[in-house]
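Read-outs throughout are calculated quantities, based only on the coordinates presented, and are distinct from any laboratory measurement. Computed from a predicted model, the values in this text were never measured in an experiment. Every residue, glycine among them, receives a Cβ derived from its backbone with ideal geometry; neighbour counts consider all protein chains shown.
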Amino acid sequence: MSTLPKHSVRVRRQWPVGRLATALAVAALALTACGGDPAATPAPNGSAAQGATFPVTVSHKYGDTVIDKAPARVVTLGLSDQDPVLALGVVPIGSIDWFGERPYGKWPWATWGGKVPEIVGERDEYNLEKIAALNPDLIIGMYSGMSQEQYTKLTQIAPTVAQVKGYDDYSAPWQEMTMHAGRALGQSAKAAELIAAIDQRLADLKAKNPQFTGKTVAVVEPYEPGKYAVFAPSDPKVVLLTQLGFTVPEAIVQAAGKEYAAEIGSERLDLVDVDKLVFLTADASTETTVKADKVYTTLKVAKENRAVFLPYETPPLGAALSFSTVLSIPYALDQLVPLLG
């Protein structure tokens with residue numbers, strides 16, 4: 001099988017935008033529902049909310065971690081870990097650079113309050129000296145490939161919360177990661193409120209757009225000329241669309257099987273001749289290449305102009321969908337829903 005490119009988000013199975021693979025903090029839930037940016041007002045000094053009850057115990061892939069007091073200096077090591085942490089009003093002092101781009105300036109849905117985190121490594125390569133020099137009181141590595149050996153070394157620096165228990169690396173749903181961060185920061189109630197706000201927003205959007213219900217959909221990444229990744233119904237991007245009322249054809253379900261996507265050539269584009277076809281594109285040339293595909297031009301969805309092309313960047317709508325976090329999802333919905341109408 002072909003190998004998908006880096007920009008195909010969710011390292012694990014989603015993209016890294018250029019994963020990347022999976023898009024909103026909330027100081028006021030009403031702002032989130034309106035598409036505002038509640039994360040714009042982080043907690044004083046970037047610490048966890050005052051008044052939370054400590055100590056707390058967080059169970060994760062490598063055991064249980066006890067956090068004695070509200071963390072004031074948090075380092076995040078996962079691709080999207082900063083999003084739920086920021087959504088809970090905490091500004092990380094250290095973060096990981098995944099794509100050779102500084103995460104604190106990359107995504108419009110994440111607001112750092114003017115603070116710049118120290119870069120403490122790349123992807124799953126952690127610089128222990130830099131992390132230790134920051135004197136953190138909490139290290140979070142949820143959306144990561146942290147190994148047992150790395151975890152053990154990190155615990156010698158500060159209490160460390162590893163990947164969500166019960167899921168493969170890079171596979172925990174955004175709701176689980178939001179709650180995981182909430183437990184570590186002593187803010188489980190607020191984390192639950194953030195999740196409920198997005199669930200309610202999705203329900204409201206579904207009710208306001210009855211034309212979506214029952215219509216078939218496919219999310220596709222054209223990663224080489226004539227080659228396409230058709231994402232499975234379990235992929236977060238597709239799940240979001242089904243929550244709006246769309247359905248995934250059985251043919252796609254069967255083609256993907258247990259994989260995160262079915263990788264097909266042009267000859268199998270009949271699989272995606274659906275009511276609404278969503279392409280995730282690396283750059284402007286991708287749309288041109290797809291529209292030049294002779295098989296694609298024969299599809300009804302192409303002839304009736306029912307396909308939408310979402311860039312990973314400029315604006316980063318494809319990235320927001322692929323990041324699929326408590327911050328990126330509202331950003332994605334703001335721009336995506338009007339395009340689906």
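For the stretch 38-197, what is the charge dipole size about the Cα centre, in debye to the nearest 20, if Lys and Arg each add +1 at the Cβ and Asp and Glu each add -1 at the Cβ?
Values: 12 positive and 17 negative charges, 82 e Å.
My answer is approximately 400 debye.
If each residue's Cβ is checked for other Cβ atoms within 10 Å, how do VAL337, VAL326, VAL56 rank with the fewest at the top? Don't skip to the end; give the middle numbers.
Details: VAL337 15, VAL326 32, VAL56 21.
Result, fewest neighbours first: VAL337, VAL56, VAL326.
Tally Lys and Arg at +1 and Asp and Glu at -1 over the other residues with C-beta under 14 Å from the C-beta of SER95: what net charge comes out? Intermediate values should be presented prior to the final figure.
Working: positive: ARG73, ARG102, LYS106, LYS115, ARG123, LYS130; negative: ASP81, ASP83, ASP97, GLU101, GLU118, GLU122, ASP124, GLU125.
Summing Lys/Arg as +1 and Asp/Glu as -1 gives -2.
In terms of the Cα gyration tensor, with a ≥ b ≥ c the square roots of its eigenvalues, is the stretch 38-197 rounded because a/c is under 1.5, prolate because a/b exceeds b/c, or oblate? Don't skip to the end; give the middle numbers.
Working: a/c = 1.24, a/b = 1.06, b/c = 1.17.
Verdict is rounded for the stretch 38-197.
What is the distance in Å between the Cα centroid of the stretch 174-238 and that of the stretch 91-143?
Between the Cα centres of the stretch 174-238 and the stretch 91-143 lies a distance of 24 Å.
Fewest first, what order do ASP81, ASP68 take by the number of other Cβ atoms within 10 Å? Show your work: numbers first, answer last.
Numbers: ASP81 27, ASP68 10.
Fewest to most other Cβ atoms nearby, the residues stand as ASP68, ASP81.
Nearest 5 is fine: what % of DSSP beta bridges in the chain come out antiparallel, could you say? Mind dumping the intermediate values first?
Details: 17 of 36 bridges.
Percentage antiparallel, nearest 5: 45.
Could you put LYS300, LYS291, LYS237 in order, starting from the residue whose Cβ has the fewest other Cβ atoms within 10 Å?
Working: LYS300 10, LYS291 13, LYS237 27.
Starting with the residue having the fewest Cβ neighbours, the order is LYS300, LYS291, LYS237.
What whole-number value in cubic angstrom gives the convex hull volume per residue for the C-alpha atoms of the stretch 208-340? Present the calculation step by step, with values, prior to reporting the outcome.
Values: hull volume 13.1 nm³, N = 133.
Value for the stretch 208-340: 98 Å³ per residue.
From the Cα trace of the chain, what convex hull volume per residue do you get, rounded to a whole Å³? Mind showing how you got there, number by number?
Values: hull volume 40.7 nm³, N = 341.
Per-residue hull volume (Cα only) is 119 Å³.
If you filter the stretch 234-341 for chymotrypsin sites (Phe, Trp or Tyr not before Pro), then keep DSSP loop positions with at most 10 other Cβ within 10 Å, what is left?
Working: sites: PHE246, TYR260, PHE279, TYR296, PHE309, TYR312, PHE323, TYR331; in loops: PHE246, TYR260, TYR312.
For chymotrypsin sites (Phe, Trp or Tyr not before Pro) across the stretch 234-341 that sit outside H, G, I, E and B with at most 10 neighbouring Cβ atoms in 10 Å, the list is empty.
Can you tell me which aspartates and glutamates have their Cα less than 13 Å from the Cα of LYS258? Leave out same-chain residues fewer than eight positions away.
ASP235
Treating only the Cβ of Lys, Arg, Asp and Glu as charged (+1, +1, -1, -1), what charge dipole size does the chain show about its Cα centre? Round to the nearest 20 debye. All intermediate terms of the calculation are to be shown ahead of the outcome.
Details: 31 positive and 36 negative charges, 86 e Å.
For this selection, approximately 420 debye.
Pairs of lysine in the stretch 99-197 with Cα under 25 Å and at least 8 positions apart or on different chains: total? Don't skip to the end; give the middle numbers.
Values: LYS106/LYS115; LYS106/LYS130; LYS115/LYS130; LYS115/LYS190; LYS130/LYS153; LYS153/LYS165; LYS165/LYS190.
Step by step, the pairs that qualify in the stretch 99-197 add up to 7.
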